[in-house]
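Presented below is the structure to which this report refers.
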There are 2 protein chains.
Amino acid sequence: MDIVKYRNHDKLLVAVDCIIFGFDGTKLKALLIRRDFEPEKGKWSLMGGFVNKKESVDESAARILKELTGLTNVYMEQLYCFGDTKRDSAGRVVSIAYFALINIEDYTSQLVNTHEAQWFPLESIPKLIFDHKQMINKAKEMLRNKVANHPIGFELLPRKFTLPQLLNLYQAIYNASLDKRNFTRKILSLGILKKLGEKEKETSRKGAFYYTFDRVKYKKLAHEGVNFI
Amino acid sequence: MDIVKYRNHDKLLVAVDCIIFGFDGTKLKALLIRRDFEPEKGKWSLMGGFVNKKESVDESAARILKELTGLTNVYMEQLYCFGDTKRDSAGRVVSIAYFALINIEDYTSQLVNTHEAQWFPLESIPKLIFDHKQMINKAKEMLRNKVANHPIGFELLPRKFTLPQLLNLYQAIYNASLDKRNFTRKILSLGILKKLGEKEKETSRKGAFYYTFDRVKYKKLAHEGVNFI
DNA sequence: CCAAAAGTGTTTCTATTACACCCATGT
DNA sequence: ACATGGGTGTAATAGAAACACTTTTGG
């Protein structure tokens, strides 16, 4: 199919690796699997796979994410292309890393059953194969940058969430403590949150009001960007 | 060489395309070439080439930049991986785009002679092959984001430059006019500029002082990032 | 002496930070 | 009644933005 001129050039294996972030209410976590094929079989690894000739790289990333989580319509973004010659010990593989933000609660059970998947807090990631640790570091950095200007943090929370949960999330992402009053004022001033009548009563006696977000305004801000923190 | 397990997977052509930015004192420009092979031979295009099996993607980008410009040690950064199945009309090619910032003055002549290269102002980019226009747009966006927090704008200027030139550069990048006084105050407050005794006398009767930058402080800021504009 | 671009401070406004007490409720 | 986490406002500070006149010098 490729025309004559291109025939002289090398073809390479192209992989996709996914950094899947989740938030458990306190800690920011990444989903890892035990690799089920050689080399490095049994070692902790990001979920990954190869790009097929007939699918785009984005499609490939979506397919791989679905294989592990069963999820579609997930927030996902391309991170970086890792292209060192020796990055994969078994041969030349160029890997395009993606990161995904998912709501950890709804999917924990099914995730753990497939691929021996497990959530790890970002501070205690085990030894990973190849350059996967580096990929996670880069993803963390990009998440921080992105979250500062785009309200994508919500992707990590359940549909309804409390302000303390949201605060915890941002603190986990920045690994720093934020002023409760300043934070809530700023978030509420964006006008993308709707307060619900209901309260979350598990973590405190008083209970914290649930909020949800206004999809329309949210989409607008997500695209345009705002000064978030 | 690749082990058994990887054999089943498709291998793809992997290309690199370079968005090369330059600044002529007034306008921000991109360097384009007339493509010298089929398909789309003779059409305007970014400088590109294929990644060889034995070189990393970064090395490949550096090699391709050198082929066109003769330059090494150029500021270069990976932009994005473009992976649609139909992006190249002649076959499946995944392309990793890079952008480079070069000092337009020193290299204009040699550039124009090779590959029929030509500088185009960003507002008047001709029709380009494949998704190259999209690549340029993304590079412009990334340049804006990066420049807001990292003093990489200097990469586009000659070793010594005037404050009005620097102002013009930022105005060109942002496509907006900036306040001269606020701008110079802020830039000088970073403490990375050294004022030279000499003046540039071509563009005004009064003449504008040349500045150069303190490499040490510059490097530090370039890495850490600052709030630049 | 005039035209053209360089250089230079102050004030206003806006955004960010710092900070501490009362509230609601389950036990 | 008390322990626990939730909710709320104000004052001080710092950073950003707006703004116009004087300087230099080649022609």
* GluC sites (Glu not before Pro) within region B:140-229, DSSP loop, no more than 16 other Cβ atoms inside 10 Å -> B:202
* **the protein assembly as shown - share of DSSP beta bridges that are antiparallel (%, nearest 5)** => 75 percent
* Asked: Fully extended, how many nm does the chain gain between residue B:105 and residue B:24 (0.36 nm per residue separation, minus their Cα-Cα distance)?
  -> 28.4 nm
* With no solvent and one equal point scatterer per Cα, compute the Debye intensity ratio I(q)/I(0) for chain A at 0.12 Å⁻¹ and report its log10, rounded to two decimals. => -0.71
* **Inter-copy separations for residue A:118, label at 7 Å along Cα-Cβ, nm, ascending** => 6.1
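Using a 1.4 angstrom probe on the protein heavy atoms only, line up A:40, B:67 by accessible area, largest first.
Working: A:40 55, B:67 95 Å².
Most to least solvent-accessible, the answer reads B:67, A:40.
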* Asked: How much accessible surface does residue B:183 have with a 1.4 Å probe, in Å² rounded to 10?
  -> 10 Å²
* To do: Pick out, from A:107, A:162, A:13, the residue whose Cα sits farthest towards the positive end of the charge dipole of chain A, with +1 on the Cβ of Lys and Arg and -1 on the Cβ of Asp and Glu.
  => A:162
* To do: Tell me the label-point distance for the pair residue A:159, residue B:176, using the 7 Å Cα-to-Cβ offset, in nm and rounded to one decimal.
  => 3.8 nm
* To do: State, to one decimal in nm and shortest first, how far the label point of residue B:190 sits from each corresponding label point in the other identical copies (label point: 7 angstrom along Cα-to-Cβ).
  => 2.8
* **Rounded if a/c under 1.5, otherwise prolate or oblate - region A:151-224, Cα gyration tensor axes** => oblate
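Once you have the Kirkwood Rh of region B:43-83 from its Cα pairs, apply Stokes-Einstein at 10 °C and 1.306 mPa s and quote D in µm²/s.
For these conditions, the coefficient is 141 µm²/s.
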* Asked: Rounded to the nearest 0.05, what FRET efficiency do residue A:54 and residue B:134 have when you use their Cβ-Cβ distance and R0 = 25 Å?
  -> 0.70
* Count of lysine pairs in region B:185-229 with Cα separation under 16 Å (8 or more residues apart, or interchain) -> 7
* From the label point of residue B:201, set 7 Å from Cα along Cα→Cβ, how far away are the matching label points in the other copies, in nm, ordered shortest to longest? -> 8.5
* Structure fact -> Per the helix-only model, chain A has a calculated mean residue ellipticity at 222 nm (DSSP H runs of ≥4, -39500 (n - 2.57) each, divided over all residues, rounded to the nearest 500) of -10000 deg cm²/dmol
* Carbon plus sulfur fraction of accessible area for the protein assembly as shown, probe 1.4 Å, in percent -> 47 percent
* Structure fact -> Comparing B:181, B:34, B:144 in a Gaussian network model of chain B (Cα, 10 Å), the one with the largest mean-square fluctuation is B:181
* Accessible-area ranking of A:203, A:69, A:85, largest first, probe 1.4 Å -> A:203, A:85, A:69
* To do: Determine Rg/Rh for the protein assembly as shown; Rg is computed over alpha-carbon atoms and Rh is the Kirkwood hydrodynamic estimate from the same atoms.
  => 1.00
* To do: Considering Cα pairs under 8 angstrom that are at least six residues apart, work out the relative contact order of region A:151-224 and quote it in whole percent.
  => 35 percent
* Of the DSSP beta bridges with both residues in region B:4-148, give the percent that are antiparallel, rounding to the nearest 5. => 70 percent
* Structure fact -> Once all protein chains are kept in place, residue A:189 shows an accessible area at probe 1.4 Å, nearest 10 Å², of 90 Å²
* Asked: According to a simple spin-label model (label point 7 Å from Cα along Cα-to-Cβ), what is the distance in nm between residue B:219 and residue A:223?
  -> 4.4 nm
* Asked: Chains A and B: how much accessible area gets covered up at their contact, both sides added, probe 1.4 Å, in Å² to the nearest hundred?
  -> 3400 Å²
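Can you give me the accessible area per residue for chain B, using a 1.4 Å probe, in Å²?
Heavy-atom SASA per residue in chain B reads 50 Å².
The values are calculated or read from the model by the stated rules, or taken from the named source; none is laboratory data. Just so it is clear, the model here is predicted, and its values are computed rather than measured. In this analysis, Cβ positions are derived from the backbone assuming ideal geometry, glycine residues included, and neighbour counts consider all displayed protein chains. All accessible areas refer to the heavy atoms of the entire protein, side chains included, with ligands and DNA or RNA removed. Shrake-Rupley method; radii C 1.70, N 1.55, O 1.52, S 1.80 Å.
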